[in-house]
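A.B. asks: The following block contains the structure, expressed as structure tokens.
Throughout, read-outs are computed from the coordinates displayed, never taken from laboratory work. Small disclaimer: the values here were computed from a predicted structure and weren't measured.
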Amino acid sequence: MENKEELKLLRARSMASVVSDGYRLYMSSFRQLFRSSWIVAIVYALAFALMMGTIVNYLIPMQTTLQNFGSGAVSANPSMMANMLLVSVSSMFYLLASALLAAQAVHVFREHSVSDEVSRPQHWYGRLCLKAFVRIVLVGVWLFLLSVVIEIVFYAVGIGILAMGVVGSITKSIASIVLLFVLFIIVAVLTVPLAYTVIRALMDRKLVALPPVKGYGLGMRHWGMLFAVAFIVAVFTWLLSMVCELPAVIMTVANAKAYAGLALGDPLGMPDSMVPMTYCVFTVAGFIQAYVHLSSLYPFYYAYGSIELQQQERQTRMTIEE
């Protein structure tokens, strides 16, 4: 009972408590999460293996062909173009699988926010959270459009720098680099509050196709906590991913070195079973990675709850003062 009270959503938490309680909730509800999402995790792992296996087995050789024989060899080889198409399709499949996997965590958040508990799914094959999945896809589309706008801004600034002819001067070139770096910092600062607005949009049970910017000012007010949580979670997730995917990383490096040697005229020296082995290794790594990446969402759930509680208390004080 004490643990249940400690892990309630609406509690005032420090940055350290947000991170620690997020991972505590993940560990305490892992059995229910695994039972409800293991099939989705397999789909995610297969999508990850298809994308990464295609890149390692075919994109690296394609790059070797480009370096040695030029782009004409790629356009003349139908298999090269087919592999590029396969990478694009598998990447889209991977993004959809990621959204389907994240929907499992969103379902846990919504359930826990109401009852302070996470129920066990009734069926052995888990559950499919379609409403949360649709919400994640809509939010993802808005974030993609935002990234396109940011890229256009950087591209326009770059074109303006070239048009002014400042690249030829060392002093002006340094000034241009500083300008782009400052622009990058500004964009990074302005995107941190989206960590709150996105979780807030995902927690909303009403399916409204609006940009996930509601509460942006509130997120900016808690910028320091959101940045600290995002930084700690990013580092922790990266370290766990590197440990879990070490065999896949080693195989990728081995492939890259083998094809780099091939470009210099050395024999390939790779076993015939390397291609299926690569897909198998990335499938196992992808399945583990699924739950490593899911854990990174939980601290932001508690960051959202802490901000919501502080806002409610602030509104209550203002009402009393009036």
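A.B. asks: Taking 8 Å as the Cα distance limit and 6 or more residues as the minimum spacing, I'd like the relative contact order of segment 77-144 as a percentage.
C.D. replies: Relative CO of segment 77-144 lands at 36 percent.
A.B. asks: Hey, another quick one. If you average over every viewing direction, what projected area does the convex hull of the Cα atoms of segment 1-47 give, in nm²? Write out the running numbers ahead of the final one.
C.D. replies: Numbers: hull surface 17.7 nm².
Answer in nm², one decimal: 4.4.
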